[in-house]
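Working notes, structure below.
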Amino acid sequence: MVVEIELPANDTVPEWTKFICSNLDFPINSNVNYNLKNISVLKPHHLVSLACLIEKHSKNVKKRTLSHPNDKVLGYLKKMGFSEYFGRNHNRPREISLSEDKTTLNIWQHHSEMVSLYPLEAQKFYEKNAFAGQDPDALNISLSEIFNNIIDHSGSPDLGFTSTQHYSEKKRLETAVCDFGTGIPNKVNAFFQSKGRDAVNHKDALSWAMQKGNSTNSTAKNRGFGLDTLSNLVKILIGELKIVTNSVVLNQTKGNDFIIHNMENSFPGTLIVFSLDTNFLVNREEINTDLEDLF
């Protein structure tokens, strides 16, 4: 039996979330084909959420195939190292793979013992290949905060995937991180109930998680600053932030405050997509000048 999964042409959050939710489960020992005929271009958020979906399917399927990718999509999958993760004849890399493309960091599955390395490798990679004279420390901080939250709170056995793309012409750096774990609102409500508090709706739960100092199970690395820090960095750098988790989606654009909306479908975990406008990265000369002024 072959299960045909057709990726949607429409890139809106409701449509993509519906696609993920409607294709989570199918008969054990099936063959599955991922049909890309409707896809003209792939972006990091497509890649990581599709990777999570394929990872979930991989536990039950016999054979997996991709069909009808156009040349641009096929080239993107190759340069992002997609076949190294999902090809049956490849040993999946645990290390962080640096792309020869100079604009992308290959798709990477999170590993708790290595997760602190990714933000640093991302910063060094883009310092060398894209941001001459600029300081991409904001990328390091953003990724560190997200990964701390995932490791501490996702509850996902596979921890998920991440991917980063630099769009040089648009002066935009975009990162997507996805896991099929508990989801932020569900985790918050479980925490509330463990403390004898009533559960709240998913909008209020996510809003609570976005506030500085709020955490469900903090460790020494993560004391409730992650999502608040990420939101503030996105605002300062005139970027964009999207968090899709359970039945809600958070949007933050153009330096504004975030807005949370309900969704018809419930995403099985958390997808975080953030982009930074590289025009607003600090110049290293300005940093050195500040240091000279201090001393």
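The values are calculated or read from the model by the stated rules, or taken from the named source; none is laboratory data. Since the structure is predicted, the reported quantities are computational estimates derived from the model, not experimental observations. All Cβ positions, even for glycine, are placed from backbone atoms using ideal geometry, and neighbour counts span all protein chains on display.
Table for the structure above
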quantity: Close pairs (9 angstrom Cβ cut-off, 6 or more residues apart or separate chains): on the phi > 0 side of the Ramachandran plot in segment 195-218, surrounded by fewer than 16 Cβ atoms within 10 Å (Cβ to Cβ) anywhere; calculated: G213/R223
quantity: Segments classed as helices (runs of 4 or more DSSP H), wholly inside segment 114-230, with at least 2 members that are at pLDDT below 90 and touching a strand residue (DSSP E or B) at 6+ places or on another chain (Cβ under 8 Å); calculated: 117-129, 137-153
quantity: Hits in segment 232-267 (condition: under 18 Å from the mean Cα position of the chain (by Cα), crowded, with 22+ Cβ neighbours inside 10 Å and more than 14 Å from V13 (Cα to Cα)); calculated: V234, G239
quantity: Cβ pairs under 6 Å, 6+ apart, first in segment 18-46 and without any contact (Cβ under 8 Å) to a residue 40 or more places away in the chain and more than 17 Å from S67 (Cβ to Cβ), second assigned to a loop (DSSP other than H, G, I, E, B) and of a type outside the set (K, R); calculated: I28/N60
